[in-house]
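Asker: I'd like to ask you about the structure that follows.
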Amino acid sequence: MSTERQNRWEAEKMQTMPFSGIRKVSEAAAKLKAKGTDVVEMTMGRPDFDTPEHIKEAAVKALKEGKVHYTSNYGIPELREAIAEKMKRHNGLEYDPDGEIMVTVGAAEAIFATMSSFLDPGDEIIIPAPVWVNYVAVPASFGAKVVTVPLREENEFSLDARDVEKAVSEKTKMIVLVTPGNPTGGVIKEKDLKEIAELAKKHDLLVIADEVYEYLVYDGERHVSIGKLEGMKERTIVVNSVSKTYSMTGWRIGWICADRPLMLSILRAHQYMVACAVSFAQYGAWAALKGPQDCVREMTEEFDRRRKYIVSAVNSMDKMSCITPKGAFYVFANIKKTGLTSEEASRFLLDEAHVAAVPGSAFGKEGEGFVRFAYSTSMEEIKKAMERIDKALRKL
């Protein structure tokens, strides 16, 4: 098929949706691997652990019991109740499992359904950047204007309320908060959260609170849900999933928590997009939330061990540096001293060191001058990568 013909058919809005920069590097790495090159893959935010056994057993049990049909649009009652218990215990928020919690096909669908429900062409949405690519591409596809607010290295990639206030206009409808953050590993400070909450109330803004990495925090840091702050629950839509916490990325189970009037809008989008999340996978997610949590502690401790090693290694190099991330499993390394752009640095690392890392510019213009390393791979691979990078940088 000719490109001209394809462009004639393609919806105009698709031209605002670039291909993922993460996948682009992964595919380039895959081509090298196919030729027999040993490549250390540090692009994907995917824990290298297997899903804990009790979770898999619950899903298998559900399959064998014939729980293979449509569920409620909201998800199975057992999982919604488990989410409600978890939100009350860990986040200090109370939601009715009957109408204020909905199971989704991962956090990605939750975000798409939420934005499609509330954003009209011409609306403005404030996004902290650099940020996971979906948050820029999805609202733009609905005709909304994305207004980015910079996350600064010198502020440990927290979100400064003063920058948010400068970005607010009469057309602003929504603000996104991602904490801990991807790609930076930054955690929004409680002081900043409180100030942002006041702004949201002052300007009557909706808030999407992405809490996918909430358990992956270090150095005594604690996750704070903005929805628990005074006057915020009614305007906050919480997005979460089991993907990162329980190493269940391929299960595609996430959820939304929101006050009933907000949820009714999102439910309509969800109904027409997917109807419901996979039935037996929901039983696995239920087992994840209700079962023993030792696996979460053990995985977090291992990520912490890797984090400390990679931060030390990066900061020992002449042309690369990083701050110590307080959350998630990413290091956002500053490569400005190399004299290379983010794209050039990513390509250089792949070609010369055979290490696949994502250019910071893939997460928005604010990410230029950085590359993202995911330390969600094994310590052995991380050590190999850092040794190769150190050697390669000496050639510059």
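The values are calculated or read from the model by the stated rules, or taken from the named source; none is laboratory data. Keep in mind it's a predicted model, so treat the numbers as computed, not measured. Virtual Cβ from ideal backbone geometry, glycine too; neighbours counted across all protein chains shown. Quick note on the areas: whole protein, heavy atoms, side chains included, nothing else; ligands and nucleic acids left out. Shrake-Rupley method; radii C 1.70, N 1.55, O 1.52, S 1.80 Å.
Asker: Go through 309, 272 for me and flag whichever is over 30 Å from residue 158 (Cα atoms), open to solvent by 30 Å² or more (accessible area, probe 1.4 Å) and part of a helix (DSSP H, G or I).
Answerer: Among 309, 272, only 272 is over 30 Å from residue 158 (Cα atoms), open to solvent by 30 Å² or more (accessible area, probe 1.4 Å) and part of a helix (DSSP H, G or I).
Asker: I want to confirm something. Restricting to region 272-316 and keeping residues that are in contact with a strand residue (DSSP E or B) (Cβ under 7 Å, 6 or more places away or on another chain) and free of Cβ contacts under 8 Å to residues at least 60 places away in the same chain, which single residue is nearest to residue 72 (Cα to Cα)? Let's see the steps before the verdict.
Answerer: Applying the first criterion (in contact with a strand residue (DSSP E or B) (Cβ under 7 Å, 6 or more places away or on another chain)) to region 272-316 yields 277, 282, 310-311, 314-315.
Now drop any that are not free of Cβ contacts under 8 Å to residues at least 60 places away in the same chain, which leaves 311, 315.
Working: 311: 45, 315: 50 Å.
Checked region 272-316; the qualifying residue nearest to residue 72 (Cα to Cα) is 311.
Asker: Step by step: first the residues of region 287-306, then only those that are open to solvent by 30 Å² or more (accessible area, probe 1.4 Å) and part of a helix (DSSP H, G or I), then the one that is nearest to residue 82 (Cα to Cα). Which residue is that?
Answerer: Step one: of region 287-306, the residues open to solvent by 30 Å² or more (accessible area, probe 1.4 Å) are 290, 292-294, 297-298, 301-302, 304-305.
After this cut, where a residue has to be part of a helix (DSSP H, G or I) as well, the list is 290, 294, 297-298, 301-302, 304-305.
Numbers: 290: 7, 294: 17, 297: 19, 298: 22, 301: 25, 302: 26, 304: 27, 305: 30 Å.
That would be 290.
Asker: Right, something else. Which pairs turn up if I take residues in region 156-173 that are on the phi < 0 side of the Ramachandran plot and look for partners that are basic (Lys, Arg) and modelled with pLDDT of 95 or more with beta carbon separation below 8 Å, at least 6 apart in sequence or on another chain?
Answerer: From region 156-173, the pairs are 160/152; 171/145.
Asker: Inspect all residues belonging to region 202-219 and state whether any of them is within 18 Å of residue 256 (Cα to Cα), touching a residue at least 24 places away in the same chain (Cβ under 8 Å) and open to solvent by 30 Å² or more (accessible area, probe 1.4 Å).
Answerer: yes
Asker: A further question follows. What about residue 117, is it open to solvent by 10 Å² or more (accessible area, probe 1.4 Å) and at pLDDT below 95?
Answerer: Values: open to solvent by 10 Å² or more (accessible area, probe 1.4 Å): yes; at pLDDT below 95: no.
Answer is no for this residue.
Asker: Could you please let me know if residue 131 is modelled with pLDDT of 95 or more, outside any helix (DSSP H, G or I), in contact with a Pro (Cβ under 6 Å, 6 or more places away or on another chain) and within 30 Å of residue 334 (Cβ to Cβ)? Talk me through it step by step, then tell me what you get.
Answerer: On the way: modelled with pLDDT of 95 or more: yes; outside any helix (DSSP H, G or I): yes; in contact with a Pro (Cβ under 6 Å, 6 or more places away or on another chain): no; within 30 Å of residue 334 (Cβ to Cβ): yes.
Here the answer is no, as residue 131 does not meet what is asked.
Asker: Output the number of the condition that residue 259 fails; it satisfies all remaining conditions of (1) surrounded by fewer than 17 Cβ atoms within 10 Å (Cβ to Cβ); (2) closer than 20 Å to residue 110 by Cα; (3) in contact with an Asp or Glu (Cβ under 6 Å, 6 or more places away or on another chain).
Answerer: Going through (1) surrounded by fewer than 17 Cβ atoms within 10 Å (Cβ to Cβ); (2) closer than 20 Å to residue 110 by Cα; (3) in contact with an Asp or Glu (Cβ under 6 Å, 6 or more places away or on another chain) one by one, residue 259 breaks only (1).
Asker: To continue, here is another question. Of all residues being among the hydroxyl-bearing types (Ser, Thr, Tyr) and under 18 Å from the mean Cα position of the chain (by Cα) in region 140-172, which is nearest to residue 185 (Cα to Cα)? Just the residue, please. If you could, list the steps in order and put the result at the bottom.
Answerer: Of the residues in region 140-172, the ones among the hydroxyl-bearing types (Ser, Thr, Tyr) are 141, 148, 158, 169, 172.
Within this subset, residues satisfying the condition of being under 18 Å from the mean Cα position of the chain (by Cα) are 148, 158.
Numbers: 148: 18, 158: 10 Å.
Once the filter is applied, the top-ranked residue is 158.
Asker: Here's something else I'd like to know. Report, by residue number, each residue of region 189-205 that is over 30 Å from residue 46 (Cβ atoms) and not basic (Lys, Arg). Working first, answer last.
Answerer: So the first thing to find is which residues in region 189-205 are over 30 Å from residue 46 (Cβ atoms), and the list is 191, 194-195, 197-205.
Answer for region 189-205, where residues must be over 30 Å from residue 46 (Cβ atoms) and not basic (Lys, Arg): 195, 197, 198, 199, 200, 203, 204, 205.
Asker: Does region 382-391 contain at least one residue that is out of contact with any Ser or Thr (no Cβ under 8 Å at 6 or more places or on another chain), closer than 26 Å to residue 190 by Cα, in a helix (DSSP H, G or I) and among the acidic types (Asp, Glu)?
Answerer: Checked against the condition, which is being out of contact with any Ser or Thr (no Cβ under 8 Å at 6 or more places or on another chain), closer than 26 Å to residue 190 by Cα, in a helix (DSSP H, G or I) and among the acidic types (Asp, Glu), region 382-391 yields no hits at all.
Asker: Additional query: Can you pull out the helices (runs of 4 or more DSSP H) entirely within region 1-98 that have at least 1 residues that are open to solvent by 90 Å² or more (accessible area, probe 1.4 Å), closer than 28 Å to residue 350 by Cβ and at pLDDT below 95?
Answerer: Details: elements: 3-9, 21-34, 53-64, 77-86.
The qualifying helices (runs of 4 or more DSSP H) are 3-9, 21-34.
Conditions (1) of a type in the set (S, T, N, Q); (2) assigned to a helix (DSSP H, G or I); (3) open to solvent by less than 10 Å² (accessible area, probe 1.4 Å); (4) in contact with a Leu (Cβ under 9 Å, 6 or more places away or on another chain), marked per residue:
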residue: 331; (1), (2), (3), (4): no, no, yes, no
residue: 343; (1), (2), (3), (4): no, yes, no, no
residue: 347; (1), (2), (3), (4): no, yes, no, yes
residue: 350; (1), (2), (3), (4): no, yes, yes, yes
residue: 361; (1), (2), (3), (4): yes, yes, no, no
residue: 366; (1), (2), (3), (4): no, yes, no, yes
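Asker: Restricted to region 312-323, and to residues that are within 12 Å of residue 390 (Cα to Cα) and part of a loop (DSSP other than H, G, I, E, B), which residue is most open to solvent (accessible area, probe 1.4 Å)?
Answerer: 318
Asker: Can you name the condition, by its number, that residue 137 falls short on among (1) in a helix (DSSP H, G or I); (2) crowded, with 21+ Cβ neighbours inside 10 Å; (3) under 17 Å from the mean Cα position of the chain (by Cα)?
Answerer: Looking at each condition in turn, residue 137 falls short on (2).
Asker: Among (1) surrounded by fewer than 23 Cβ atoms within 10 Å (Cβ to Cβ); (2) farther than 19 Å from residue 280 by Cα, there is one condition residue 111 misses while meeting the rest; what is its number?
Answerer: (1)
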